[in-house]
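Here, each number is a calculation from the coordinates, and none is a lab measurement. Since the model is a prediction, treat every value here as computed from it, not as a measurement. Neighbour counts run over all protein chains shown; Cβ positions are idealised from the backbone, glycine included.
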Amino acid sequence: MKVKSYLMGAWREGQGEGVPLRDATTGEVLARVTSEGLPLAEALAWGREVGGRALLALGFPERGRRLRALAAYLSEHKEELYRLYATTGGTRRDAWYDVDGGIGVLYSYASLARNLPEGNFLPEEENLPLSKDLSFQGRHLLGPKGGITVQVNAFNFPVWGLLEKFAPAFLAGVPTLAKAATPTAHVAEGLVRRMVASGLLPEGSLQFVAGGLGEALEALDHRDSLYFTGSKATADRLRRHPAFLERGAFFNAETDSLNAAILGMEAGEEELQRLAEEIAQELAIKSGQRCTAIRRVLVPEDRLQALLQATQARLEGLRLGDPREEAVDLGPLASLEQKAEVEGAVAALLQGGARLAWRHPGRADGAFFPPTLLLAEDPYGPPLHQVEAFGPVATFFPYRTLEEAVGLARLAGGMLAATLATPDPEEARFFLEGLSGHVGRLHLLNRRNAHSSTGHGSPLPRLLHGGPGRAGGGEELGGMLSVRRHLARLALQADPLTLQALTGEYAKGGEKPATVHPFRKPYEALEVGETLWTHRRTLTEADIALFAHLSWDHFYAHTDEIAAQKSLFGRRVAHGYFVLSAAAGLFVDPAPGPVLANYGLEGLRFTEPVGAGDTLQARLTVKAKRPRDEKTGVVEWAVEVVNQEGKTVAAYTVLTLVARQGTGDAP
């Protein structure tokens, strides 16, 4: 039996004998993996054309809704993936991190879509006036590249690795071709089969290959991207391909690194014990086969033995065995080949100056590798900061000063993650300044957050996942950061009417006079740029006094004539929030209608003082709109309040919930 690939809307089997895929515990051959003879170049072109067109037809909000529905669907069928997962050497807890963690990424990116506009363009910053009369303006815009993203995944996270790359690409409207690592390709195949069976993915939005990429790289160009997770050596070889050096395809790498855990000098016993727990957990989850796992532990020399012993105490009780057995805590490594690599790395570390401090007495047969703690009293041997044992192995290093600790951490040449255990903000600041260019994520652990921390090795969808140097120099996740990386940035220059028509956001000079009060219109009927000038209101001394009494705001500039005359205003002025309230009274239509609620206020600025005798008028403009759900949409209104001289005294954005047409919420 062979693991099949899903290309151009059909499941296909590669030619030739292929590479055996074995059960990590028993060594039984489960399937064979090959992509020989598969039409990968044609699949890329098909994905761009068919998948790209289908995704862009949906727009951001609908793609977000489908991600949410897909997450719910996979949650209902995750037990199938759990059963497959046991054959990779992973325990049920390991499967939870991979399967449920991947589903969580889908939910996270689905929630981002609620704040995205309809269509496929994301405006950036504000409009830039390029002429005095505003007839020529500019705007930075993110839009579709028209390409495809290829993802090359590592063996250790066949589910999470695929979904963490798929979700931002799908939300951005970019089709995906996912390549699985051979040792866990059958799990990835099971995932993709479920995703396709859900019926939620447009044709061509996801393709899957088990085996090598073959000719696929030759078909990449400037529209495309490749997201890689794996070894630095493979990443370095890939990034030199002409697809990236000559044709301009985007390359992103996330590679294994020698991540550090550091016990600060100001750490107390609680921080020491919590860091020991963190180290033990990093060696136990997936038997230490995580790119973010702790490989080096830096400890003040007078506390080295205490942290070693505390870590050992947490590892001693772990049970190694077949992950299908309920009482087992650690399974084997993914393969015999992986075990041989870890054994070779440990030998190199021992030869480089480390010594064995402790080794778990559990199983070492087959692909099993017991948790192992090494100690390097001389912390400067080059292999100690260059060789990674990709398994349940950590090396402890003593340090004497904070400067030495930072220097040792830097010797790794770039890390995905580092944990610093300290309760002291100044010590944390020292390490932040020293490591900010050497690590992608700094996890600060102390007695105040230990109960709620998600842990050293857990990348979060809303935060950056990646790191400099040896860690690959790439960026994944990060919420909207990763969505934007799938889009093309361009500078758009146009007249205001064209600019707001293309961006979906109001541009000054593109106003369209309202013939009906905008608050009388349902969401669909509102046009960006639609503008209402209100009637006027002249402020009185009584207005200011009554607002002070109502709000209890008796600040001297509003209530003390003598003090106010000596202020920067030179007179008593109205409260800024009275101006805000008065403006609402000018532009709000009081009768029941499609506008359901005030949803928020952003960017408020008071630009000119207002006093008794001044006359105010407001301009209300539809700034932008986006659907929220089937019944409501969010409308952003640009509000500008001017005085009798035409000067702007306040400007801000009001957000309202507006009923959609035919929902019954609008009278």
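Volume of the convex hull of the stretch 110-253 (Cα atoms only), normalised per residue: 148 Å³.
Based on Cα contacts under 8 Å between residues 6+ apart, the stretch 259-459 shows a relative contact order of 30 percent. With contacts taken as Cα pairs under 8 Å at a separation of at least 6 residues, the chain carries a relative contact order of 12 percent.
Treating only the Cβ atoms of Lys and Arg (+1) and Asp and Glu (-1) as charged, compute the dipole magnitude of the stretch 259-459 about its Cα centre; round to the nearest 20 debye.
Working: 19 positive and 27 negative charges, 73 e Å.
Its charge dipole is roughly 360 debye.
How much length is gained if the chain between residue 584 and residue 451 is pulled fully straight, taking 0.36 nm per residue apart and subtracting their Cα-Cα distance, in nm to one decimal?
Numbers: separation 133, 0.36 × 133 = 47.88 nm, distance 4.49 nm.
Full extension from residue 584 to residue 451 adds 43.4 nm.
Reported value for the stretch 377-442: 99 Å³ per residue, from the convex hull of its C-alpha atoms.
Test of understanding: express the Cα radius of gyration of the stretch 259-459 as a ratio to 2.2 N^0.38 Å, with N the residue count.
With N residues counted in the stretch 259-459, Rg over 2.2 N^0.38 Å equals 0.96.
At an R0 of 51 angstrom, the distance between the Cβ atoms of residue 325 and residue 601 translates into a FRET efficiency of 0.30.
If you stretched the chain out fully between residue 484 and residue 77, how much longer would it get, using 0.36 nm times the residue separation minus the C-alpha to C-alpha distance? Please report the intermediate quantities before stating the final value.
Working: separation 407, 0.36 × 407 = 146.52 nm, distance 3.08 nm.
Extending this stretch completely gives an extra 143.4 nm.
The GluC sites (Glu not before Pro) found in the stretch 1-47 that occupy coil by DSSP, while having at most 14 further C-beta atoms within 10 Å, are 17, 28, 36.
When 607, 531 are sorted by how many other C-beta atoms sit within 10 angstrom of their C-beta, beginning with the fewest, the order is 607, 531.
Counting beta carbons within 10 Å around each of 546, 620 and listing the fewest first gives the order 546, 620.
D for the stretch 505-659, whole µm²/s, Stokes-Einstein with Kirkwood Rh over alpha-carbon pairs at 4 °C and 1.567 mPa s: what number?
Details: Rh = 16.5 Å.
Rounded, D is 78 µm²/s.
Report the Stokes-Einstein translational diffusion coefficient (µm² s⁻¹, integer) for the stretch 96-139, Rh taken as the Kirkwood radius over Cα pairs, at 20 °C with viscosity 1.002 mPa s. Walk me through the numbers before you get to the answer.
Values: Rh = 13.8 Å.
It diffuses with D of about 155 µm²/s by this estimate.
Considering all C-alpha pairs of the stretch 479-571, those separated by over 15 Å amount to 77%.
Rule-of-thumb check for the stretch 230-294: C-alpha Rg over 2.2 N^0.38 Å?
On the way: Rg = 18.0 Å, N = 65, 2.2 N^0.38 = 10.7 Å.
Taking the Cα Rg and dividing by 2.2 N^0.38 Å, one obtains 1.67.
Every pair of different Cα atoms in the stretch 528-601 enters the Kirkwood calculation, which places the hydrodynamic radius at 14.6 Å.
Local charge sum around residue 212 (other residues, Cβ-Cβ under 12 Å, Lys/Arg +1, Asp/Glu -1)?
Values: positive: 179; negative: 36, 215.
Computed value for this residue: -1.
The loop-placed GluC sites (Glu not before Pro) in the stretch 200-253, going by DSSP, that have at most 13 neighbouring Cβ atoms within 10 Å of their Cβ come out as 246. For the chain, the share of alpha carbon pairs falling in successive 10 Å distance bins from zero is 3, 14, 20, 20, 17, 13, 9, 4, 1, 0 percent.
Add -39500 (n - 2.57) for each DSSP H run of 4 or more in the chain, then divide by its residues: what number comes out at 222 nm, to the nearest 500 deg cm²/dmol?
Numbers: 21 runs with 201 residues, N = 667.
Estimated from H runs of four or more residues: -8500 deg cm²/dmol.
For the chain, the share of DSSP beta bridges that are antiparallel, to the nearest 5, is 55%. What is the count of Lys pairs in the stretch 505-659 whose alpha carbons sit under 25 Å apart, if the two are 8 or more places apart or on different chains? Eligible lysine pairs with Cα atoms under 25 Å apart amount to 14. May I ask for the angle, rounded to the nearest 10°, between helix 160-172 and the longest principal axis of the chain, with both axes built from Cα atoms and the value confined to 0 to 90°? For helix 160-172, the angle is close to 30 degrees.
The share of alpha-carbon pairs in the stretch 192-232 lying farther apart than 11 Å comes to 77%.
Using the Kirkwood radius built from alpha carbon pairs, what does the Stokes-Einstein equation give as D for the stretch 584-667 at 25 °C and 0.890 mPa s, in µm² per second?
Values: Rh = 14.1 Å.
Stokes-Einstein gives a translational diffusion coefficient of 174 µm²/s.
Short-range pairs are left out: with C-alpha atoms under 8 Å and at least six residues apart, the relative contact order of the stretch 505-659 is 28 percent. Taking the fewest neighbouring Cβ atoms within 10 Å as the starting point, the ordered list for 629, 614 is 629, 614.
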